[in-house]
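Undergrad: Below are the structure tokens for one structure; questions will follow.
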Amino acid sequence: MSRMIRPPNSRATGVGALPHTDPVLACDDVLDIFPEFPYAPTLPDRGLLESIVFNDSAQLPGRLIREDRLLYDSTRDNTAAMEQVYLDFVEENFSRYALDEVHASAFSDMMTRSLPGARVLKCQVTGPVTFGMQVVDADKRPIYYDSQLVDVLSKMIALKARWCENEMRARTGIKETLVVLNEPYFASLGSSVVPLDKGAVRAGWQDIASLVKGGLGVHCCSNTDWSFVIGLDPSVISLDAYTTATEFLLYADAIRDYMERGGVVAWGIVPAEYKLFACESVDSLYARYCAIRTQLTKCVAVELFDAQSLITPSCGIRFADRNGAGEIQRAAAEISRRIRAEAKIP
């Protein structure tokens with residue numbers, strides 16, 4: 001089973017995508033800004049295969065890319081490929097589910113780095129809900145609505161997540177890893193327009209959690225059914241706190257209980273969209289974060305809040321240049337520095 005990570009004590013890290021097209025520069029920037037809690041970024045501006053869903057799709061049975069769309073080819077017999085996924089899951093044979101430089105150039109580069117000051121290394125994998133809702137079959141129906149396909153999908157992602165954490169430990173020498181499932185489609189939980197069966201969502205999560213040995217988190221950059229997400233007991237809940245903190249804080253008691261169990265909240269307080277970021281300052285964003293901290297510590301011990309919090313951008317940074325992305329990430333690092341100094345956290 002996945003487990004809780006050590007308290008990050010209000011350190012800062014990034015989230016997913018960067019606008020870089022050079023993986024070396026992307027990893028240089030991450031390690032410069034977040035030396036204690038680095039992450040392997042994704043670089044969708046390098047090409048289609050490095051964008052969300054596509055970057056984790058190499059082992060999808062029936063994968064078909066046509067006109068820049070990722071499809072499931074239901075016109076051919078994919079039984080053998082699907083059975084192989086089941087067999088690999090049962091036998092924990094994750095070696096076939098590797099990321100390569102074509103799909104994950106920055107991950108590959110990060111695996112060549114020395115990380116002497118890092119406490120945790122993080123990466124991101126597309127979650128089964130988002131993956132399954134983005135890929136459609138010949139009838140233009142999302143494969144997430146096919147019970148057999150979604151079962152295969154969750155097991156395929158479990159194997160990929162397990163490969164990622166194993167690779168991070170084996171290649172970099174890091175002792176603690178965090179794999180975060182990128183799940184923007186969690187915004188549809190409870191929706192009547194885009195219905196999601198919570199039982200299926202939970203089953204998929206449990207498949208992945210059963211195979212991952214280190215930390216397993218979830219990122220959703222929209223409002224969602226936070227009580228359901230908290231109930232999954234992820235190692236980390238990563239959210240867009242810049243725009244959805246009000247809704248998230250409605251679950252203050254559940255957040256307190258989650259933190260007491262060792263859960264970490266990654267507060268995405270720095271807007272990842274540069275146009276929004278340009279309208280703010282580090283001072284204004286720090287004040288926003290302190291307002292969240294003040295509100296939640298009415299029912300959560302301040303020491304617990306500080307111990308179980310991370311500071312991040314609100315989402316992956318794509319629509320900016322390298323300098324803009326650096327400004328956004330350095331703002332997160334500065335907010336972390338200030339709160340740690342105020343709370344006298346070593």
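The values are calculated or read from the model by the stated rules, or taken from the named source; none is laboratory data. Everything numeric here is computed off the predicted structure, so don't read it as measured data. With ideal geometry, Cβ positions are generated from the backbone for all residues, glycine too; neighbour counts draw on all protein chains shown. Accessible surface areas use protein heavy atoms only, side chains included; no ligands, DNA or RNA. Shrake-Rupley method; radii C 1.70, N 1.55, O 1.52, S 1.80 Å.
Undergrad: Sort out which residues of the stretch 103-124 are touching a Ser or Thr at 6+ places or on another chain (Cβ under 6 Å) and farther than 22 Å from Cys315 by Cβ, and write them in order of number.
TA: Listed by number, the list holds a single entry, Leu115.
Quick grid of which residues meet (1) in a loop (DSSP other than H, G, I, E, B); (2) crowded, with 21+ Cβ neighbours inside 10 Å; (3) modelled with pLDDT of 95 or more:
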position	(1), (2), (3)
Lys155	no, yes, yes
Lys160	no, yes, yes
Cys164	no, yes, yes
Arg169	no, no, yes
Ile174	yes, no, yes
Gly190	yes, no, no
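Undergrad: Is it true that some residue in the stretch 16-26 is within 26 Å of Cys290 (Cβ to Cβ) and either surrounded by fewer than 19 Cβ atoms within 10 Å (Cβ to Cβ) or of a type in the set (Phe, Trp, Tyr) (or both)?
TA: Within the stretch 16-26, none of the residues are within 26 Å of Cys290 (Cβ to Cβ) and either surrounded by fewer than 19 Cβ atoms within 10 Å (Cβ to Cβ) or of a type in the set (Phe, Trp, Tyr) (or both).
Undergrad: How about the stretch 1-41: which of its residues are within 29 Å of Ala307 (Cβ to Cβ), of a type in the set (S, T, N, Q) and modelled with pLDDT of 95 or more?
TA: Within the stretch 1-41, Asn9, Ser10, Thr13 qualify.
Undergrad: Given the structure, is Thr312 under 20 Å from Ile345 (Cα atoms), among the β-branched types (Val, Ile, Thr) and open to solvent by 20 Å² or more (accessible area, probe 1.4 Å)?
TA: No: the conditions fail for Thr312.
Undergrad: Right, something else. Return yes when Pro38 is within 14 Å of the chain's Cα centre (by Cα) and closer than 17 Å to Ala332 by Cβ and no when it is not.
TA: yes
Undergrad: Still on this model: Right, Gly199: in a helix (DSSP H, G or I) and surrounded by fewer than 16 Cβ atoms within 10 Å (Cβ to Cβ) or not?
TA: Criteria met by Gly199.
Undergrad: Among the residues of the stretch 169-180, is any touching a His at 6+ places or on another chain (Cβ under 7 Å) and closer than 16 Å to Lys213 by Cβ?
TA: Yes - at least one qualifying residue is present in the stretch 169-180.
Undergrad: Now for a separate question. Looking at the stretch 264-280, which of its residues are touching a strand residue (DSSP E or B) at 6+ places or on another chain (Cβ under 7 Å) and assigned to a loop (DSSP other than H, G, I, E, B)?
TA: Hit for the stretch 264-280 is Ala272, nothing else.
Undergrad: Still on this model: Name the residues in the stretch 49-80 that are part of a helix (DSSP H, G or I), within 24 Å of Glu165 (Cα to Cα) and among the hydrophobic types (A, V, I, L, M, F, W, C), would you?
TA: Leu49, Phe54
Undergrad: Also, I was wondering about something else. Are any of the residues in the stretch 217-226 within 30 Å of Ile174 (Cα to Cα), open to solvent by 20 Å² or more (accessible area, probe 1.4 Å) and either out of contact with any Cys (no Cβ under 8 Å at 6 or more places or on another chain) or assigned to a helix (DSSP H, G or I) (or both)?
TA: For the stretch 217-226, residues within 30 Å of Ile174 (Cα to Cα), open to solvent by 20 Å² or more (accessible area, probe 1.4 Å) and either out of contact with any Cys (no Cβ under 8 Å at 6 or more places or on another chain) or assigned to a helix (DSSP H, G or I) (or both): absent.
Undergrad: Run down Leu48, Leu64 and say which single residue is aliphatic (A, V, I, L, M) and under 22 Å from the mean Cα position of the chain (by Cα).
TA: Leu48
Undergrad: Restricting the stretch 29-46 to residues that are farther than 18 Å from Leu178 by Cβ and either out of contact with any helix residue (DSSP H, G or I) (no Cβ under 9 Å at 6 or more places or on another chain) or of a type in the set (Lys, Arg) (or both), which is surrounded by the fewest Cβ atoms within 10 Å (Cβ to Cβ)?
TA: Across the stretch 29-46, the extreme among qualifying residues is Asp45.
Undergrad: A follow-up question, please. Return the residues of the stretch 120-153 that are modelled with pLDDT of 95 or more and in a loop (DSSP other than H, G, I, E, B); say none if nothing qualifies.
TA: Correct list: Val120, Gly127, Val135.
Undergrad: Can you tell me which condition Cys299 does not meet? The list is (1) in a loop (DSSP other than H, G, I, E, B); (2) within 20 Å of the chain's Cα centre (by Cα), and all the others hold.
TA: The failed condition is (2).
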